[in-house]
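The values are calculated or read from the model by the stated rules, or taken from the named source; none is laboratory data. Computed from a predicted structure; not experimentally measured. Virtual Cβ from ideal backbone geometry, glycine too; neighbours counted across all protein chains shown. Protein only, heavy atoms only, side chains kept; ligands, DNA and RNA dropped before computing areas. Shrake-Rupley method; radii C 1.70, N 1.55, O 1.52, S 1.80 Å.
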Amino acid sequence: MVDECFSTQLIDGDGVFNVSGLDNFMKEVKLGECGLSYAVVSIMGPQSSAFLEIFRSQTTKGIWLAKAQNIEPCTLVMDLEGTDGRERGEDDTAFEKQSALFALAVSDIVLINMWCHDIGREQAANKPLLKTVFQVMMRLFSPRKTTLLFVIRDKSKTPLENLEPILREDVQKIWDAVPKPHAHKETPLSEFFIVEVVALSSYEEKEELFKDQVSHLRERFQHSIAPGGLAGDRRGVVPASGFSFSSQQFWKVIKENKDLDLPAHKVMVATVRCEEIGNEKIASFTADEEWQQFEEAVQHDYVLGFGKKLTSILDRCLSEYDMEAIYFDEGVRTSKRQQLESKLLQLVNPAYQSLLGHLRTRTLEGFKESFDKALTKEGFAVAARDCTQTFLEKFDKGSEDAAIQQVKWDPSKVKDKLKRDIEAHVASVRAAKLSELCAKYEGVAQNMESMSDLRMMFQAQLTKALAEPVEALLDSASEDTWPAIRKLLERETKAAISGLESAISAFELDEATEKELLLKLENHGRSIVESKTKEEAGRVLIQMKDRFSTLFSRDADSMPRVWTGKEDIKAITKTARSASLKLLATLAAIRLDDDGDNIENTLSLALVDTARPGTSGRSVQSFDPLASSSWERVPEEKTLISPVQCKSLWRQFKAETEYTVTQAIAAQEANKRNNNWLPPPWALAAMAILGFNEFMTLLRNPLYLGVIFVVFLVGKAMWVQFDIATEFQNGFLPAILSLSTKFVPTIMNILKRLADEGQRPAAPERQRQEMELQPTNRSSYSSVTSAGSSSITTTENGPEYSSPVAK
């Protein structure tokens with residue numbers, strides 16, 4: 001059977017990699033199924049030296065890729081552009097070097113065509129090519145051993161035995177002349193290359209012999225990767241499924257003119273491909289119908305055999321990954337397998353947890369039913385113990401059935417929750433039975449556990465009765481705070497103890513047991529107050545700032561203060577800080593025993609009254625009442641905030657509230673500046689002195705006074721109309737801008753009103769007389785300005801005239 005020949009241009013003449021063409025080529029030749037069982041052969045040489053009969057490949061500009069026919073294993077042939085073509089010219093060697101480096105990086109065998117007449121010549125056409133091959137070899141970070149197969153074309157009558165030594169000598173000379181890194185100065189050619197030499201006769205002169213020699217050469221490529229085959233070292237070979245990505249990355253690095261690190265490249269290709277395979281397996285798993293059915297089923301109820309079936313599905317998915325990734329780097333393959341397994345288990349875990357949840361619910365329901373039946377046959381404790389043990393064993397069996405072999409998930413948390421649920425149910429039934437017994441059998445003492453539950457109920461009631469009131473009293477922080485708390489604690493504790501005594505009186509407990517229950521309840525009340533006080537003391541700084549802000553920023557009516565300039569900020573600040581200090585003093589210690597202390601006086605003396613008259617700064621510094629870790633007459637266990645801590649808190653409190661005070665002072669000053677819009681007194685005096693002559697001129701000429709009076713009336717009207725006083729309270733510049741926008745519309749409005757009043761006809765004399773005779777019987781009003789402006793009069797017939805001054 002003859003294989004079909006597939007080919008594609010891998011890289012065009014401009015160096016562009018044909019990604020889609022390579023992907024299609026791999027699908028057509030089914031390269032991804034080959035694993036490591038494939039070989040790559042590159043052909044390079046002078047222009048027009050290729051022989052189509054060997055691999056039936058196509059040659060042109062760039063690099064072409066084809067599949068060799070009838071050669072096992074799958075062999076890919078890359079035909080490189082001729083090295084001495086006139087299309088690129090003598091100086092364009094960049095693509096030649098790039099393609100040579102690419103061929104060395106991906107190929108197992110590099111076939112180099114050369115003309116027979118060039119052997120032994122100093123100016124041979126193949127010497128630049130060999131020099132290029134050896135130079136780019138140095139750019140491989142860890143080169144593998146590549147087979148260089150020299151094919152001597154158009155062999156003359158000289159025997160191959162005579163030509164081969166000459167060729168090897170030429171190759172060695174070129175190798176020795178190539179610059180090498182220091183690490184490879186003395187490295188022989190054989191460390192990098194396996195050199196093979198074959199010869200072919202002229203196709204034109206000896207066609208039959210040429211074809212026969214080509215046929216024998218083809219046979220050498222059969223099973224080239226087997227031990228002893230033509231291919232060299234295959235350490236850097238990537239699996240066939242990663243050939244496309246590997247080739248793209250090789251060419252990308254080469255185009256960027258970087259050195260190739262073959263081991264790192266192998267790991268990179270393995271990482272990308274193994275991750276792609278893992279993603280494919282995850283997608284396959286999520287689309288699996290059997291898994292989808294399981295996932296849907298466990299949302300509603302417990303599924304028997306879940307663990308065994310899920311183990312089988314996961315095994316199948318992981319086995320498929322192992323088969324596809326078997327040829328990639330072992331470390332990468334194992335790491336990505338672990339990641340795949342982890343992701344698959346993450347997908348399965350919600351279903352597993354849901355399954356355990358259904359198992360717990362089913363077990364709990366079964367326990368409740370069985371427990372209720374057992375109570376009719378045997379005692380409470382025996383029934384609870386036997387049923388609990390039975391159904392916990394059932395849960396263990398169910399969790400074993402749900403276990404997945406790939407992971408050891410611990411169901412202990414769900415089992416613990418089941419235990420708690422069972423215990424809660426037992427406790428609720430015990431409470432109900434206890435209530436029944438208390439109601440049915442008065443005077444029958446119960447076990448200590450039942451009494452403890454009863455005590456806890458009263459403790460909860462006491463907690464509810466104390467917690468919020470104590471918090472409210474501590475928040476108010478006045479002189480009566482702790483006396484009120486002590487009174488509240490005494491009243492609520494007595495009520496709780498009385499209720500507990502009444503509840504347990506029918507059980508005839510021994511005196512010691514009853515005393516222990518009552519003492520625990522009393523101590524519980526004190527512990528509630530202490531814990532609430534500690535909680536409030538932990539956030540005392542926040543409460544101090546809140547209290548200061550409330551008292552400083554709001555007046556006695558709880559309205560926000562407006563700093564108009566009349567407020568005494570110093571007094572307000574002192575009052576607010578004193579209230580905050582009282583809060584600090586209240587929360588500094590627990591005072592449930594009314595032993596008396598001087599915490600508030602000490603704090604006031606040290607923090608507020610440090611500047612009192614008659615006290616020098618030196619004396620204050622020499623005696624600091626807060627330089628201590630404990631309060632006088634306060635036990636250490638009752639101290640919540642030490643004197644040193646109070647001093648630190650007060651310093652921080654003042655620093656954080658100073659900004660509020662500063663802002664208030666700034667607002668007050670700004671308000672004063674805004675209200676003081678008149679010229680300063682010295683300006684008024686200067687105006688009076690400098691304008692004395694003008695004032696005398698006005699007195700001598702009364703006509704000027706009339707004009708000034710009219711101007712005054714118009715100015716007064718405009719002053720009222722524009723509301724200039726209010727505008728200038730917002731600042732000089734905003735007032736000018738606002739007045740400039742209202743000037744023209746207001747003047748036009750005044751002129752329009754004057755025109756309307758001039759065109760209005762005079763009222764009949766009779767109506768005017770009637771209005772004068774009966775002013776009280778008509779609906780009218782009049783408004784006259786203090787400056788003598790015109791009045792506004794409105795009658796039943798409508799407005800007669802108006803003036804903007806009246807507004």
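Among the trypsin sites (Lys or Arg not before Pro) within region 371-417, those in coil by DSSP and having at most 15 neighbouring Cβ atoms inside 10 Å are Lys377, Lys408. In the structure shown, the pairs Lys419/Lys515; Lys61/Lys155; Lys373/Lys419; Lys308/Lys373 are assessed against 29 Å; a Cα-Cα span above that value is assigned to Lys419/Lys515; Lys308/Lys373.
Within straight-line reach of Lys255, meaning a Cα separation under 16 Å, sit the following lysines at least 8 residues removed in sequence or on another chain: Lys97. Approximating the spin labels as points 7 Å out from Cα along Cα→Cβ, the Thr741-to-Asp401 distance works out to 8.1 nm.
Ranked by solvent-accessible area (1.4 Å probe, protein heavy atoms only, all chains present), the residues Ile119, Ile485 order from largest to smallest as Ile119, Ile485.
Mean separation of Cα pairs under 8 Å and 6 or more residues apart, divided by the residue count, gives region 215-368 a relative contact order of 25 percent.
Between Glu275 and Asp315, the C-beta separation translates, for a Förster distance of 25 Å, into a calculated FRET efficiency of about 0.75.
Using C-alpha pairs below 8 Å separated by at least 6 residues, the relative contact order for region 321-401 is 28 percent.
Surface exposure of region 265-333, expressed per residue as accessible area with a 1.4 Å probe, stands at 52 Å². Leu130 sits among other residues whose Cβ lies under 10 Å from its own Cβ, and their net charge, with Lys and Arg +1 and Asp and Glu -1, is +2.
Region 194-241 and region 522-552 have Cα centres lying 92 Å from one another. Note on Lys742: aspartates and glutamates with a C-alpha under 17 Å away, same-chain residues under 8 apart excluded, are Asp723, Glu727. FRET efficiency for the pair Lys417 and Ser648, taken as 1/(1 + (r/R0)^6) with r the Cβ-Cβ distance and R0 = 30 Å, rounds to 0.05. Here is the list for region 471-580: trypsin sites (Lys or Arg not before Pro) lying in DSSP coil, each with at most 10 other C-beta atoms within 10 angstrom of its C-beta, are Lys566.
Modelled spin labels at His182 and Asp212, positioned 7 Å past Cα toward Cβ, are 5.7 nm from each other. Summarising the amide proton neighbourhood of Ile194: residues at separation of 5 or more, or on other chains, whose placed amide H is nearer than 5 Å comprise Thr146, Thr147, Leu148. Over region 486-593, accessible surface divided per residue gives 52 Å², non-protein components excluded, 1.4 Å probe.
Counting other Cβ atoms within 10 Å, keep those with at most 16, restrict to DSSP loop, and tell me which GluC sites (Glu not before Pro) in region 191-240 are left. Listed in order of number, the matching sites are Glu204, Glu205. Largest to smallest in accessible area, the residues Thr311, Thr575 fall in the order Thr575, Thr311 (1.4 Å probe, all protein chains included). Here the label points at Leu541 and Ser284, each 7 Å from Cα along the C-beta direction, are separated by 6.1 nm in the simple model.
For Asp154, the accessible surface of its heavy atoms amounts to roughly 60 Å² (probe 1.4 Å, protein chains only, rounded to the nearest 10). Counting only residues at least eight positions apart within a chain, or on another chain, the lysines with an alpha carbon under 20 Å from that of Lys654 are Lys545, Lys570, Lys574, Lys582.
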